[in-house]
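The values are calculated or read from the model by the stated rules, or taken from the named source; none is laboratory data. All values reported here derive from a predicted model rather than from experimental measurement. Cβ: placed from backbone, ideal geometry, glycine included. Neighbour counts: every protein chain shown.
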Amino acid sequence: MTQPDLACTHLTKRFGDTTAVDDVSFEVPPGSFFSILGPSGCGKTTIMRMIAGFLAPSDGDIRIKGRSVLDVAPNKRPVNMVFQHLALFPMMNIADNIGYGLRRKGLPKPEITRKVGEVLERIGLPDIGTRKVDELSGGQKQRVAIARCMVLEPDVLLLDEPLGALDLKLREHMKIELKALQAAFDTTFVYITHDQSEALVMSDTVAVMNAGRFEQMGAARDLYYRPETAFVAGFVGDSNRWRGRVESVQSDVLRLRSDSGLALLGSRHGRALSDGTTADIYVRPEAIRLGHSPEDVAHFDNRLSGTVTSLLFNGAASRILMRPIEGGEDIEVALPQSGEFAHLERGSDVHVGWSSDQGNCFAAGSV
Amino acid sequence: MQAAQRLGFLLLVTPLLLWLGLLIIIPHIDMFLVSLRERVGVGEYATSLANYRSFIEEPLYLMTFARTAVMSVMATALTLLIGFPVAYYIAKMARGRVRSALFLLCLVPFWVSELVRTFGWMILLRETGLFSSVLQWAGLADAPVEMLYNDAAIMVGLVYTSMLFMVVPLITTLDSLDDAVIEAGYDLGGSGPSILREIVIPHAMPGIVSGSIVVFMLSLGNYLTPIMLGGKDSLWFTELIYSQFIVRFNWELGAAFGFMLLILSSVIVWGTLRLTGQTLEKTMG
């Protein structure tokens, strides 16, 4: 096995009585894109600052290419960081910004000029060297901030929610561009964000963090379809959630009677859930099939009928809210855009169904 | 509607015009005219440059003029040197209540009049003062030491009087420097001194220049501190102006001195702005 670029073992950080990061261990293989996804205040920034060297861990170790960096000052560590608000130096022009680290390394001037030119070429902005920071657009600043780090050829590049300040359209564009830049530079990226779409789109591995701990670590697809904890199921993507009592368990499939009276089938995916316990069941809106007649959804083991209470048009991500006649709160269902349901309106009768495999069950109260 | 707007504008601008006209422009024009008068007989005057000529021809005047300028520049530099770390600490390192407390400490001396403040220093520095007694008690001196009435005492007084006017603009500019920019400097391999030189100081330049201009002008035009701490040999230029106006009733020469001081401070401020590449709008805005 190749040596990981970055390895954290039992990383812990306490501030007084509060534990911001609680015994977190992970490894990031070379050249991969690793994201830490979590709500604000979950400790992800603390991890980032410990790796960069601005905070000393209370416990545990950080190794970069196998070497512990705990006693290495931030300005000597082979990691660089792209800050949340980029932190470009407003008093310097673009070339001086990018050349700053090289000047500090004491490289001769012609070499600095050559390297800065090269990296500007790489990010597709070859002629902006003499411009001032505030003359650039948001996306250009972004690329310059990355170039300023990449010119130093760090072992690991840390990115602290760098897309947060951009508008939606640019953010979508930068996601793709960041991924492309990462491939072009072939450097390990560690990315922290509270925006799940950023993490899911760009990363090879995503770690979902909550209250100082990693809830689950894995490929984006696994997190989305096979959440291991209720927190992940609720935090990543949207879900319909029912709480109820487990009535029977047969191998992995369990029958649950919701508090609102619905009988639902779900899967426990190996988790310990037995008869009589209270459980939450999570079902994704796009895992639910919409049909005009009961026959359309006859092959699913969960079936409900009801009326449309709301149409939530959002282009490709359009949804409907339907109220089941069997009772309970509204269910969010993805609305296929193939034209089949184009005439659907408030009050229309619809039938929905999904397979028990798509209903992830967790013991209640574990969030 | 438009008439009402116009009236509002007039009402707003009148105090400014009155202030500028009555307190600055008219007195200066008058001063300039007085400085160009030469007394040729009792109650007889002629227009000439005689007052300016006597300023240039009298070595004592020129010497005092130059000495005041140099010491004011030194006092400004010293204030900056002491004030910068203080401002940096308050703006970037201190947090919450400590920060307000420190800021208040800078302000506290200004609650008493300059006269009282200067007397405070006299109590500390005089022959029978605190420092002298402590030195004798510690056995470092065997006779009372006079620390007043020398240039060092003047310098101490000037720096002390000016500190607040340096620290406040510095805190304001340093406050506006994002901490992440400093961290980015470290992250990219910068060391403390290099970050100070390449990032902090360039960012703080408007504050440094505006603080320096204010402190320089205050020192140059200070009268009380040099006289009290420097004694009768303090040779401060404002003292010469005072004696021409009040002691010798030679308003003509006094006015010429006043104008020389105005020219001197203008030239030095302009030079500083040019040298640092700042503009007055940027530093004072």
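Quick notes on this structure:
- Within region B:169-189, restricting attention to residues that are more than 10 Å from every other protein chain (Cβ to nearest Cβ) and surrounded by fewer than 19 Cβ atoms within 10 Å (Cβ to Cβ), the residue that is farthest from residue A:55 (Cα to Cα) is B:172.
- Among the candidates A:20, A:95, residue that is hydrophobic (A, V, I, L, M, F, W, C), more than 30 Å from residue A:135 (Cα to Cα) and touching a residue at least 24 places away in the same chain (Cβ under 8 Å): A:20
- Residues located in region A:76-102, provided they are within 10 Å of chain B (Cβ to nearest Cβ) and over 19 Å from residue A:155 (Cα atoms): A:84, A:85, A:86, A:87, A:88, A:89, A:90, A:91, A:92, A:96, A:97
- Contact map, region A:137-151: residues that are away from every other protein chain (no Cβ under 12 Å) paired with residues that are among the small types (Gly, Ala, Ser), Cβ distance under 8 Å, separation 6+ or inter-chain. Pairs shown: A:138/A:165; A:143/A:124.
- Subset of region B:233-263 [surrounded by fewer than 17 Cβ atoms within 10 Å (Cβ to Cβ), within 22 Å of residue B:154 (Cα to Cα) and of a type in the set (D, E, K, R)]: B:233
- Being farther than 19 Å from residue A:203 by Cα and part of a strand (DSSP E or B) is a description that does not apply to residue A:46.
- Residues that are β-branched (Val, Ile, Thr) and surrounded by fewer than 23 Cβ atoms within 10 Å (Cβ to Cβ) were ranked within region B:152-168; the one that is nearest to the other protein chains (Cβ to nearest Cβ) is B:168.
- The one condition in (1) within 12 Å of chain B (Cβ to nearest Cβ); (2) farther than 27 Å from residue A:235 by Cβ that residue A:45 fails to fulfil: (2)
- If the condition is being part of a loop (DSSP other than H, G, I, E, B) and of a type in the set (A, V, I, L, M), then region A:157-174 contributes A:163, A:165, A:166.
- Residue check, residue A:54 in a loop (DSSP other than H, G, I, E, B), under 19 Å from residue A:154 (Cα atoms) and either within 8 Å of chain B (Cβ to nearest Cβ) or at pLDDT 90 or above (or both): yes
- Here residue A:60 passes the criteria (1) of a type outside the set (A, V, I, L, M, F, W, C); (2) under 21 Å from the mean Cα position of the chain (by Cα); (3) part of a strand (DSSP E or B); (4) at positive phi except the one numbered (2).
- Residue in region B:194-201 that is surrounded by fewer than 20 Cβ atoms within 10 Å (Cβ to Cβ), within 14 Å of chain A (Cβ to nearest Cβ) and within 23 Å of the chain's Cα centre (by Cα) present: yes
- Condition check for residue A:192: buried (at least 21 other Cβ atoms within 10 Å of the Cβ) and within 14 Å of chain B (Cβ to nearest Cβ): no
- A count restricted to region B:137-151 and to residues that are crowded, with 16+ Cβ neighbours inside 10 Å and not in a loop (DSSP other than H, G, I, E, B) stands at 1.
- Looking at region B:1-89, the helices (runs of 4 or more DSSP H) lying wholly inside it that each contain 2 or more residues that are in contact (Cβ under 8 Å) with a residue 60 or more places away in the chain sit at B:26-35, B:50-57, B:59-88.
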